[in-house]
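A.B. asks: The structure that follows is given in the form of C-alpha cells.
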Amino acid sequence: TAKDRGRARFEVYRPDLEAELERSAQVLDRLNEAYRDGELRVHYQPVVDAGARRVVALEALLRWEHPERGTLSPDAFLDVLESSDLIHGVGALVLRQACDDAVELLVRGHRLAVHVNISARELARLGLRGDVERILAETGMPAELLVLEITETRLVAVNGSLLRDLRALRALGVRVAVDDFGTGYSALTQLVELPVDVIKLDKGFVSEIATSARARAVSAGVQAMAAGLGVVTVAEGVETEQQAEELAALGFGLLQGFLFGQPRSMVDWLEELAAGRGGPWELRSGTHGGG
Ligand code: C2E
Ligand code: MG
Ligand code: MG
Ligand code: MG
C-alpha cells in the first residue's frame, strides 16, 4: 500500500506526507478508471480577435465528468495525472479529440484553430512528434490549425531533441504557444532562440492591468517584445470590458477569458456557432470605471 511505501521511504514519521501519498495513489486509481470509462472529456474556451471580437480559436481544456463530484477542473487532478504515465494516454486522447472536433467544425464551415496544452512529462518523452504527426494524419486535421501550448517554465528548459521535434512540427505548419508567460522568469534572449509563434500573457497580469502600474508595464513590455519578434499575443483571463480595452490598446491581438466565454462542450459550440453566436462580442459600455 501507499502507506507502507511511505514508511519505507521516509526516515522521519510524517503522517501528513503519508496521507498525501495515499490520496495521490487513490486519485490515480480513480483516474485510470475514469480514462477507461470515458469520464475524461474536452471542453473548449474561445480565443477572440481583439479587433473584430470574433472567435478565431478554441483552447481545449481537460475536464473530468466525475459521477459523484460533478465536472472537475484539472486543478483537482493534474498534478497526480502528470506524475504518472497515464498523462501520455490522456494527452493523446485530448489531442485526438481536439483534432476530430476542429475537423468537424471545418466541415461545417467554421475554420477555427485549436490550442492543446502539452505537459512537461509529455514533452520529456521521446515520440511527441510522431504522435502529433500520426494524429494529424488520422484525423485529417490541417496542421496549420493546431497550436501546441507549452508553459514558459517548461519551454526554457528544452533540450536538443525536443527542439528538433518542435522545429519539425513547425515545418509542417503546427504552431507553438508559450503559456502563462511572465511567470517563468525566462530571459528574453532565450525566447528569441526558441521556436515560438504565440505568447500567452499570464492571467495574473491581466487581472491587475487596470489597477497596477507594474502589471501594465510588464504587459506593455511583453507586447513590444512579441511585436518585435513577429510573435502573436494572447491575453489570458480577461474578465472585464476595461481589461479587454486596455489590452487591445496595448496591442494584444487576441483575448481569452470569462468575458467572452467559459469552457464549454463541443456540442454547445456546434450549437453556438450554427446560431452565429461566435461573435462579434459587443463592447459593453457602462462597465467602465470611468476611462
Ligand atoms: P491554462 O492552459 O493556462 O488554461 C487557462 C485556465 O484559465 C483554464 O483553467 C481556464 O478555465 C481558466 N480561465 C479562463 N478564462 C479565465 C478567466 O477569465 N478568469 C480566470 N480566473 N480563469 C480563467 P482550467 O481549465 O482549470 O485549466 C487549468 C490548467 O490545467 C491549464 O491552464 C493547463 O495548464 C492545464 N490543462 C488543462 N487542460 C489540459 C490538458 O488537456 N493537458 C494538459 N497537459 N494540461 C491541461
Ligand atoms: Mg493553456
Ligand atoms: Mg495559461
Ligand atoms: Mg497553465
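A.B. asks: Looking for whichever is at pLDDT below 95, farther than 27 Å from SER265 by Cα and out of contact with any Pro (no Cβ under 7 Å at 6 or more places or on another chain) here; the options are ALA19, ALA76. Which one fits?
C.D. replies: Only one candidate qualifies: ALA19.
A.B. asks: Inspect segment 135-147 for any residue being within 13 Å of ligand 1 (Cβ to nearest atom) and open to solvent by less than 60 Å² (accessible area, probe 1.4 Å) and give the result as yes or no.
C.D. replies: The answer is yes, given that some residue of segment 135-147 is within 13 Å of ligand 1 (Cβ to nearest atom) and open to solvent by less than 60 Å² (accessible area, probe 1.4 Å).
A.B. asks: Among the candidates LEU128, LEU112, single out the residue that is within 23 Å of ASN159 (Cα to Cα), buried (at least 16 other Cβ atoms within 10 Å of the Cβ) and aliphatic (A, V, I, L, M). Outline the logic, then answer.
C.D. replies: Numbers: LEU112 fails: within 23 Å of ASN159 (Cα to Cα).
None of the other options fit; the residue is LEU128.
A.B. asks: Tell me, please, whether a residue that is within 16 Å of ligand 4 (Cβ to nearest atom), among the small types (Gly, Ala, Ser) and closer than 19 Å to ALA57 by Cβ can be found in segment 228-240.
C.D. replies: Yes, segment 228-240 has at least one match.
A.B. asks: If a residue must be surrounded by 13 or more Cβ atoms within 10 Å (Cβ to Cβ), charged (D, E, K, R) and over 16 Å from LEU81 (Cβ atoms), how many such residues does segment 14-30 contain?
C.D. replies: 3
A.B. asks: Taking SER84 as the residue in question, decide whether it is within 16 Å of ligand 4 (Cβ to nearest atom) and among the polar types (S, T, N, Q). Let's see the steps before the verdict.
C.D. replies: On the way: within 16 Å of ligand 4 (Cβ to nearest atom): no; among the polar types (S, T, N, Q): yes.
In short, no.
A.B. asks: Pairs needed: first member in segment 253-267, under 14 Å from ALA57 (Cβ atoms); second member anywhere, of a type in the set (Phe, Trp, Tyr) and open to solvent by 20 Å² or more (accessible area, probe 1.4 Å); C-beta distance under 6 Å; at least 6 residues apart or different chains.
C.D. replies: Taking only residues 6 or more apart or on different chains, the pairs are PHE260/TRP281.
A.B. asks: Report those helices (runs of 4 or more DSSP H) wholly inside segment 174-238 carrying at least 3 residues which are within 16 Å of ligand 3 (Cβ to nearest atom) and hydrophobic (A, V, I, L, M, F, W, C).
C.D. replies: Details: elements: 188-193, 203-208, 213-229.
Per the criteria, 213-229.
A.B. asks: Looking only at residues that are within 16 Å of ligand 2 (Cβ to nearest atom) and open to solvent by less than 20 Å² (accessible area, probe 1.4 Å) in segment 182-202, which one is modelled with the lowest pLDDT?
C.D. replies: Residues of segment 182-202 that are within 16 Å of ligand 2 (Cβ to nearest atom), as a first pass: 182-184, 196-202.
Remaining after also requiring open to solvent by less than 20 Å² (accessible area, probe 1.4 Å): 184, 196, 198-201.
Details: GLY184: 72, VAL196: 91, VAL198: 96, ILE199: 95, LYS200: 96, LEU201: 95.
Going through the qualifying residues, I end up with GLY184.
A.B. asks: Within segment 248-280, track down each residue that is touching a Leu at 6+ places or on another chain (Cβ under 8 Å) and either within 16 Å of ligand 4 (Cβ to nearest atom) or assigned to a strand (DSSP E or B) (or both).
C.D. replies: Scanning segment 248-280 gives LEU255, PRO263.
A.B. asks: Another question, if that's okay. Being within 16 Å of ligand 4 (Cβ to nearest atom) and touching a residue at least 40 places away in the same chain (Cβ under 8 Å) is the filter; apply it to segment 203-221 and report the residue that is least open to solvent (accessible area, probe 1.4 Å).
C.D. replies: The residue in question is VAL206.
A.B. asks: While we're on this one: I'd like the residue in segment 97-129 that is of a type in the set (A, V, I, L, M, F, W, C) and not in a helix (DSSP H, G or I) and, out of all such residues, is nearest to ILE150 (Cα to Cα).
C.D. replies: Of everything passing the filter in segment 97-129, ILE118 is nearest to ILE150 (Cα to Cα).
A.B. asks: Next question, about the same structure. What number goes with the only condition from (1) touching a Gly at 6+ places or on another chain (Cβ under 6 Å); (2) crowded, with 18+ Cβ neighbours inside 10 Å that GLU239 does not pass?
C.D. replies: (2)
A.B. asks: Can I ask one more? For the list (1) buried (at least 16 other Cβ atoms within 10 Å of the Cβ); (2) at pLDDT 95 or above, I need the number of the one condition that GLU104 fails.
C.D. replies: Unmet for GLU104, out of (1) buried (at least 16 other Cβ atoms within 10 Å of the Cβ); (2) at pLDDT 95 or above: (1).
A.B. asks: May I pose another question? Can you tell me which of PRO67, PRO74 is of a type outside the set (S, T, N, Q), open to solvent by 20 Å² or more (accessible area, probe 1.4 Å) and closer than 27 Å to LEU247 by Cβ?
C.D. replies: When all the criteria are applied, what remains is PRO74.
The values are calculated or read from the model by the stated rules, or taken from the named source; none is laboratory data. From a predicted model like this one, the values you see are computed outputs, not experimental measurements. Using ideal geometry, Cβ is built from the backbone for each residue, glycine included, and neighbour counts are taken over all protein chains shown. The accessibility values were calculated without ligands, DNA or RNA, using every heavy atom of the protein model including side chains. Shrake-Rupley method; radii C 1.70, N 1.55, O 1.52, S 1.80 Å.
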